[in-house]
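Below is one structure, written out as C-alpha cells, with a few remarks after it.
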Amino acid sequence: MTPAKAWAEGTNVLASFRLNPARTEATLLILLKDTLNYLDCSKTIKADRDLLDAVHYLRDEFPAMKLEEWHIICHRLKTGEYPVQYERLKLPELVAIFRQYEGERAEVRESNWKQLKKATPDTLSDDQLQALYAKYEQQRQAKKEELEKAKAIKSVPTDERGRWKAIPYTEPKRDGEEGRHDVLSIREAPSDRPPGDG
C-alpha cells in the first residue's frame, strides 16, 4: 500500500481506538514488537511495559496517523529505508522516524495541492475535475514504476554450478591429485564496485 492510498483510504488510529481499544492496541503492539524483533538491535525496547508505553506515546503524539501508515513505517524500517544507527532503536528514535514519515507525507500532499491549485480555473465541471485527478494519478503511478525499476536487483554472473564467477574456488583433492584452482584474473572478473574501491 502506498502512503497516498493509506492516507486516503486508511483508518485513523484514534478513531479506531475509540471504536475498539483492545483490538487497536493489540494491532499496534504486534506491528511494533514484530518490527523490533525483526531488526534485532542491541539497544531496543524489550520489556512489555516499555513497549506498551511506546505505543501509547506514539498514538497520542501522532493522532492523525492511520493504522496503514504504521504498517508502512514498520515495513520501511524492516527494509532499511529508515536506517537504524548504532544498533539503537528506542522511543526517541521511533519518534524521529515517525516525524520523518509525517514530513514526507506533508510534502507530498502539499505538492499535490499546489499542482491542483495551479491547474484549476475558478470553476471546474465534475468531468474536468475527474480528468485532472486521473492525470495526476497516472503521473504518480509512472513515478512509482520508475522508482521500482531503479530498485531492481542486478543479477550476478554465475558458473554452471551456481557459484559467483568473481570468487575463486578450489576443487577438492582427489586421490593424490593437487587441488585445481579456477581463478579468474582481475580483468576477467566482473565487478559491481565503483572504480577506485579496492
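The values are calculated or read from the model by the stated rules, or taken from the named source; none is laboratory data. Since the structure is predicted, the reported quantities are computational estimates derived from the model, not experimental observations. Because the Cβ atoms are built from the backbone with ideal geometry, glycine has one as well, and the counts that use them run over all protein chains shown.
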Q: Quick one: count up the residues across region 6-29 that are within 26 Å of Thr79 (Cβ to Cβ) and surrounded by 12 or more Cβ atoms within 10 Å (Cβ to Cβ).
A: 13
Q: Return the only residue of Arg109, Arg105 being surrounded by 15 or more Cβ atoms within 10 Å (Cβ to Cβ) and either in contact with a helix residue (DSSP H, G or I) (Cβ under 8 Å, 6 or more places away or on another chain) or closer than 23 Å to Asn12 by Cβ (or both).
A: Arg105
(Q) Could you check region 77-111 and list, in sequence order, the residues that are at pLDDT below 75 and either among the charged types (D, E, K, R) or under 23 Å from Tyr38 (Cα atoms) (or both)? (A) Arg109
Q: Could you please find all residues in region 44-67 being under 19 Å from Gln100 (Cβ atoms) and either in a loop (DSSP other than H, G, I, E, B) or at pLDDT below 85 (or both)?
A: Thr44, Ile45, Phe62, Pro63, Ala64, Met65
Q) Exactly one of (1) in a helix (DSSP H, G or I); (2) modelled with pLDDT under 80 is unmet by Gln130. Its number? A) (2)
Q | Leading residue by the ranking (nearest to Val108 (Cα to Cα)) among those in region 137-160 that are at pLDDT 80 or above and in a loop (DSSP other than H, G, I, E, B) | A | Asp159
Q) Restricting the first residue to region 95-110 and requiring it to be over 10 Å from Tyr82 (Cα atoms), which pairs with a second residue that is of a type in the set (A, V, I, L, M, F, W, C) and loosely packed, with under 15 Cβ neighbours inside 10 Å meet a Cβ separation below 9 Å and a spacing of at least six or different chains? A) Glu102/Ala64
Q.
Just checking, does region 176-189 include any residue being in contact with a strand residue (DSSP E or B) (Cβ under 7 Å, 6 or more places away or on another chain) and modelled with pLDDT of 75 or more?
A. no
(Q) Against the condition hydrophobic (A, V, I, L, M, F, W, C), assigned to a helix (DSSP H, G or I) and either over 20 Å from Glu102 (Cα atoms) or modelled with pLDDT under 85 (or both), how does Ile30 come out, does it pass? (A) yes
Q. So, in region 112-127, of the ones that are over 13 Å from Pro3 (Cβ atoms) and surrounded by 10 or more Cβ atoms within 10 Å (Cβ to Cβ), which residue ends up modelled with the lowest pLDDT?
A. Thr120
